[in-house]
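These notes are about the structure you will find just below.
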Amino acid sequence: MTGVDENFDPRAVQDKWQARWEELNPFAASEDPADERPRRYALDMFPYPSGDLHMGHAEAFAIGDAVARYWVQRGYNVLHPIGWDSFGLPAENAAIKRDSHPAEWTYANIDTQAESFKRYAIAFDWSRRLHTSDADYYRWNQWLFLRFYERGLAYRKGGYVNWCPNDQTVLANEQVVAGRCERCHAVVEKRLLTQWYFKITEYADRLLADMEQLDWPERVLLMQRNWIGRSEGADVAFEIEGRAEPVTVYTTRPDTLYGATFFVVAADAALADEICAPEQRAEFEAYRETVRRESEIDRLATDREKTGVFLGRYAVNPVNGERMPVWAADYVLAEYGHGAIMAVPAHDQRDLDFARRFGLPVRVVVHTGDADPGESGVATPGEGELVNSGPLDGLAKSAAIPRITEVLEERGLGKAAVNYRLRDWLISRQRFWGTPIPIIHCESCGEVPVPDDQLPVRLPEDLRGADLSPRGVSPLAAASEWVNVDCPKCGGPAKRDTDTMDTFVDSSWYFLRYCSPDYSDGPFDVEQVRRWMPADQYNGGVEHAILHLLYSRFFTKVLYDMGMVDFTEPFKRLVNQGQVILGGSAMSKSTGNLVDLGAQIDEFGVDAVRLTMMFAGPPEDDIDWADVSPSGSVKFLARVHRVAAEVTSAPGADAATGDAELRKVTHHTIDEVTRLVEGHRYNVAIARMMELTSAARRVIDTGAGAGDPAVREAAETLAVTLSLFSPYTAEEMWARLGHQAPVAKAGWPSADPALLVQESVTCVVQVAGKVRDRLEVSPEIGDDELERLALASEKVQAALADRGIRKVVVRAPKIVNIVPA
RNA sequence: GGGGCCGUAGUCCAAUCAGGCAGGAGACACGCGACUUAGGAUCGCGACAGUGUGGGUUCGAAUCCCACCGGCCCCA
């Protein structure tokens, strides 16, 4: 062989260009107002610094990088920043274990990851790097908290909250997945605590309505819609005998009001305690104790037997005056609606299960045509005609709902109502490594905000190791010098709030900080944000479909209401990459089912690992590392590099004088790859680049040879397009072709339209749907002429034999289908 | 229980949005040949087989519709 492939040593090429790029700094975004290039903001979900980068990071950032690099090639002024989500529990746990400070572990890991990102050749603007655990960052969490507080969007309240017994802290609803802690998977308990909340529920309708603006995967929007869980129904007031105030319940099925046969109050709701009759109290309190010990998982299980206790009281059905026994049960949640429901066993399965367990009556009020629920044990929630319902009789369910709502409103017994599944966001945490909540509790003044000019409230630096052990209250409480302060209002003795903020607060606005990372007069420079935001594309894992993405949308809307931003949605387009798995299951350190990114890079090189990620399939699909072939990528990179290395024509050689066929392939490839990259179909784009490589190879070996200018044109096209995926190889090719680095700024090639036109196309002629002949015809051929040509074909005539023709379908210039009689 | 997404060669995947030649775009693995020795290199060639199942619409269905089977996800 020529020996040039021996010159292509991926490791040497990496080291050489990484150093060179460090000098060139090609990806700094320009803030120059005179820079007229249109701006694009390519945003990646920032990493948590737990050890080094792993395969998942490698895929996610390879995708985001292809986007950013493509925009740079297209001549945009591109913002592609990086930072670290560096507060959080793992650092704290590591500090306890090692008797050190969380900052030590955190910043060491950040440095490791930063070095890996550089080696991995991600096109970041390194000058904008931020860490949420820096006081320069978290002071603005505190500042934002105070603005939320002023607007009534941050408040403290007592109630049952989710408690993770392992992490020894409360959790937001969004952090409880199927009854377990989303971090450590411990079964979540309920505790009665006073905690800080953000009033995200006030934005529920806007969070729903503004989804229209979003070019996001439909399934993510659907998940958010489900999470917010808007439902329409009615609030209905029920008298409870012996209680002055009526109790309001929310129902989505007011049409079934005549079918309500009992009333259920959440066992752990205050109402149950209040109305329980004295003779039932002992039984009720015993039951309540068992309920409190139950996990969310138990309570949600649909197949377990219903439990409950009669409270010895009766509610009155407002439409027919019937007395309904009031029960306490665990299948009604204290936090949902008003913590009490009217039970309609005929048309709600859980109510029916309860009724059958305790021998309560079942009354059908909607005739659905299905078996009687009282007999079958299967509730009938479907459409049907109302019966046993006084004035509603004969109406369809859909007509009965507005009718009964109207009646209730007329009589002052109820009204149409909207309910949400979404709860307010619980943001306080009883842990150390987070943003201190900037509130001071004064005995005489109550809650007093820390004045802005005293921000940041820094974390005390003398806590470390065992000081941080979880003990159910924040470790900050033990730092007495830090805790005890003078009240900013009255100067009297006061104590700091010792909880820290959920780290999802940090990540709800970091993308704004990137626009002006060193700004010191506010969380961000409003002008800079106006120029860069909203982000054009946001890349990250679907695991954030609800939590982070919902919170960020909420923050953006609040900032909009504060007049700090001029848009209501932060991320125009969202791309969720799949996971990298191994042998069909998720990679995990604990099971040893793991591929180490560093080892892959050592073996195959950065470019081959990146190319393998991008070529494996569509970005949103999972990649099973057992199914892909990084060695195949190595082979391709050597092959495409060899094409460039063999080129002997001079830079600037006139391609027009070169091989016409190869030129067509090159320009078709440019045209297709452009479209494919725009559509995020990188795997197909790479396949096209492989085809072009083969076409150039053929011309070198068996055609016009390596000196043909068309070969140079193909090689240059390959270098620039490959730079999105395998930047080191692309840079080396570009240098071999006699050009100046960086190839990243070479400029995207454009296809010559003249080379895209086809002189002839193959028209398929079918008889009864079977291909019988192929005709080479002009792409401009008319239907009539094509039909004549097709019918004249000998093969067609033979296939027809002596059958007549019933119909001829012509779709010029691609196909003719002749249907015999 | 409700809703959503997905089933194409031994394997990963194209073509599905907008119905029109799957002699599958590309690749992995496999086999053969060439490179005057060798080949975990390179270049070339090849075979295999097939749109989950059953209906429907259509001149024509991987593509659209319905049902079923199987897998994944969200809510309950």
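Roughly what would the spin-label model give for A:Tyr336 and A:Tyr560, points 7 Å off Cα along C-beta, in nm?
That separation, rounded to one decimal, is 3.0 nm.
Using alpha carbons only, how many degrees (0 to 90, rounded to 10) separate the axis of helix A:682-702 from the longest principal axis of chain A?
Orientation of helix A:682-702: about 10 degrees from the principal axis.
Stretched out fully, how many nm does the piece from A:Val808 to A:Arg243 gain, at 0.36 nm a residue minus the Cα gap?
195.2 nm
Once the piece of chain linking A:Ala186 and A:Arg11 is laid out straight, how much longer is it, given 0.36 nm per residue of separation minus the C-alpha distance between them?
Contour length minus the Cα-Cα distance gives 58.6 nm.
Among A:271-277, A:23-29, how do they line up from the highest to the lowest mean number of other beta-carbon atoms within 10 Å?
A:271-277, A:23-29
Tell me the relative contact order for the stretch A:642-751 as a rounded percent, counting alpha carbon contacts under 8 Å between residues six or more apart.
Working: 149 pairs, mean separation 40.0, N = 110.
Here the relative contact order equals 36 percent.
Could you sort A:126-133, A:805-812, A:584-591 so that the peptide with the highest average Cβ count within 10 Å comes first and the rest follow in order?
The peptides rank, most packed first, as A:126-133, A:805-812, A:584-591.
Please figure out what share of the DSSP beta bridges in chain A is antiparallel and state it in percent, rounded to the nearest 5.
In chain A, DSSP labels about 75 percent of beta bridges as antiparallel.
Show me, for the stretch A:667-681, the HN-Hα J-couplings you get by feeding each phi into the Karplus relation (A = 6.51, B = -1.76, C = 1.60, θ = phi - 60°), rounded to Hz, glycine and proline as x.
6, 5, 5, 4, 4, 6, 4, 4, 5, 5, 5, 4, x, 6, 9
So, in Å, what gap is there between the alpha-carbon centers of the stretch A:338-358 and the stretch A:536-563?
The stretch A:338-358 and the stretch A:536-563 have Cα centres separated by 38 Å.
Tell me which residues come under 5 Å, amide H to amide H, from A:Ile439 once H is placed; ignore anything under 5 positions away on its chain.
A:Val450, A:Asp497
So for the pair A:Thr762, A:Asn25, with labels modelled 7 Å out along Cα→Cβ, what separation do we get in nm?
Reported label-point gap for A:Thr762 and A:Asn25 is 5.5 nm.
Please list, in order along the stretch A:441-448, the HN-Hα scalar couplings obtained from phi with the Karplus expression 6.51 cos²θ - 1.76 cosθ + 1.60 (θ = phi - 60°), rounded to whole Hz, x for Gly and Pro.
So the J values, rounded to whole Hz, are 9, 10, 4, 9, 9, x, 6, 10.
Helix-derived [θ] at 222 nm for chain A: sum -39500 (n - 2.57) over DSSP H runs of at least 4, divide by residue count, nearest 500?
After summing the helix terms and dividing by residue count, I get -11000 deg cm²/dmol.
Modelled label-to-label distance, A:Glu678 and A:Arg119, 7 Å Cα→beta-carbon offset: nm?
3.8 nm
What do you get when you divide the Cα radius of gyration of chain A by 2.2 N^0.38 Å, with N the number of residues?
1.20
Could you sort the peptides A:752-761, A:532-541, A:394-403, A:196-205 by per-residue average Cβ neighbour count (10 Å cutoff), highest mean leading?
My ranking of the peptides, most packed first, is A:532-541, A:196-205, A:394-403, A:752-761.
For A:Val177, enumerate residues with amide H under 5 Å from its amide H, sequence gap 5+ or separate chain, H modeled in the peptide plane.
Sorted by chain and number, the residues that satisfy this are A:Glu182.
Given R₀ = 56 Å, FRET efficiency for A:Ala277-A:Arg471 by Cβ-Cβ distance, to 0.05?
According to the calculation, E is roughly 0.90.
Relative to the first principal axis of the alpha-carbon coordinates of chain A, what is the inclination of helix A:349-358, with its axis defined by its Cα atoms, in degrees from 0 to 90 and to the nearest 10?
30 degrees
Quick check: the angle from helix A:102-119's long axis to the longest principal axis of chain A, C-alpha only, nearest 10 degrees?
20 degrees
If the reach is capped at under 23 angstrom between alpha carbons, list the lysines near A:Lys199, excluding any in the same chain fewer than eight residues apart.
A:Lys157, A:Lys190, A:Lys557
Read phi for every residue in the stretch A:47-57 and hand back ³J(HN,Hα) as whole Hz from Karplus 6.51 cos²θ - 1.76 cosθ + 1.60, θ = phi - 60°, with x for Gly and Pro.
So the J values, rounded to whole Hz, are x, 8, x, 9, x, 7, 4, 10, 4, x, 4.
Compute the length gained on full extension between A:Ala801 and A:Asp393: take 0.36 nm times their separation in residues and subtract their Cα-Cα distance, giving the result in nm to one decimal.
Details: separation 408, 0.36 × 408 = 146.88 nm, distance 6.97 nm.
Full extension of this stretch gives 139.9 nm more.
Quick one: which residues, 5+ away or cross-chain, put their amide H under 5 Å from the amide H of A:Arg313? H built at 1.01 Å from N.
A:Ala277, A:Val326
Just so you know, all these numbers are worked out from the coordinates, no wet-lab data involved. Since we're looking at a predicted model, the values are computed, not measured. Note that we place each Cβ from the backbone using ideal geometry, even for glycine, and neighbour counts take in every protein chain shown.
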